[in-house]
Amino acid sequence: MFTTALSANPAPATTVDLFEAIAALKQELNAVVLAHYYQEPDIQDVADYIGDSLGLSQQAAQTDADVIVFAGVHFMAETAKILNPNKLVLLPDLNAGCSLADTCPPDQFAAFKAKHPDHLVISYINCSAEIKAMSDIICTSSNAVKIVNQIPADQPIIFAPDRNLGRYVMAETGRDLVLWQGSCMVHETFSEKKLVQLQMEYPHAEIVAHPECEEPVLRQAHFIGSTTALLKYVQQRDLSQFIVVTESGIIHQMEKQVPNKHFIPAPPTGNCACNECPHMRLNTLEKLHRAMAERQPEISLSPEICAAALKPIQRMLEMSR
Ligand code: 13P
Ligand code: SF4
């Protein structure tokens, strides 16, 4: 059981069972805790729903909770706020950003878009609300191919901000996309050379990878998909060993759901924990509890940005059915 000493000012520090305290706050606030698979295991274990970006958006779109506690990164909580402008959306650590979203500053993107006036803009959900507001359709790693395939063949498309997912979508759809050159620092850390060495150590294992990885890494993969798709694949595939090429947080869920199988995290290039997203990992169970107890930090967005960003998100939800 996870316990911590909280200094309840001015009373003396007391030991609080965070799991129980969070459960009580969920009742008191009529709150739902939505968590991404890259969150630390304790957070995954208190969540009401754990999912990939599409699943989390769908949950946020349909929840009747009054408060959404978003255990993920800023763009994910922003999406929940855009879908629920009148609800309180809490993010345990407001600094939990995204290196990929940061590669696409709104002013530079506006200039890029202006150079391609006849192009439809499809943006990966890993971007700021301002970029969403400049987009025609949002997509996630689980529906990007499906969405691009629904666009008439003669319609030119800008795909932003992830060049690796963009390249993967180009290969899957045969479409020529104009790519914004952004990338994720976590997924670009995986080394093809180390992956090949690991495969030699575990010749019976299959490699499962997220499409944010670079092309030489994806070429080694037996299966490519969003976090939810990877989880489903390892559950259904009749094999006992998998090398997992994405943020290592998902292995907690894989081990929980299929405890009889062996999951090997793919090695990053250096001797670091770079396969953990430093942004995702800013959230902790303590911060999540504090956010619920104090009703902050909350996500706030201007009504104009909310309204403009809602349209492409709604289009995504419609096109994903
Ligand atoms: P998924 O939508 O596949 O969960 O990806 C989210 C993400 O941030 C990957 O880095
Ligand atoms: Fe962003 Fe990469 Fe972290 Fe996903 S893993 S939230 S894309 S920095």
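Annotations
- Expressed per residue, the C-alpha convex hull volume of region 164-297 stands at 146 Å³.
- Percent carbon-and-sulfur accessible area, region 130-206, ignoring ligands, DNA and RNA, probe 1.4 Å: 50 percent
- Modelled FRET efficiency - R0 22 Å, E28 with A307, Cβ distances, 0.05 increments: 0.10
- Here region 213-321 has 49 percent of its accessible surface on carbon and sulfur atoms, given a 1.4 Å probe and all protein chains in place.
- Straight-distance candidates among the aspartates and glutamates for linking to K113, with alpha-carbon spacing under 16 Å and chain neighbours fewer than 8 residues away dropped: E130, D136, D162.
- Equivalent ellipsoid of the chain: semi-axes from √(5λ) of the C-alpha gyration tensor, largest first, are 31, 27, 16 Å.
- For region 277-321, Kirkwood radius (reciprocal of mean inverse C-alpha pair distance, Å): 13.3 Å
- 19 Å Cα-Cα reach of K287 towards lysines, excluding residues that sit fewer than 8 places from it in its own chain: K26
- Residues of the chain: accessible area per residue with a 1.4 Å probe, Å²: 43 Å²
- GNM result for the chain, Cα springs below 10 Å: residue of L29, L83, L54 fluctuating most strongly: L29
- Paramagnetic reach from F223 in region 262-280 [backbone N under 18 Å; point 7 Å along Cα→Cβ]: 262-266
The values are calculated or read from the model by the stated rules, or taken from the named source; none is laboratory data. For clarity, every value in this text was computed on a predicted model and none was experimentally measured. Positions of Cβ are generated from backbone atoms using ideal geometry, with glycine treated the same way; all protein chains shown enter the neighbour counts. Protein only, heavy atoms only, side chains kept; ligands, DNA and RNA dropped before computing areas. Shrake-Rupley method; radii C 1.70, N 1.55, O 1.52, S 1.80 Å.
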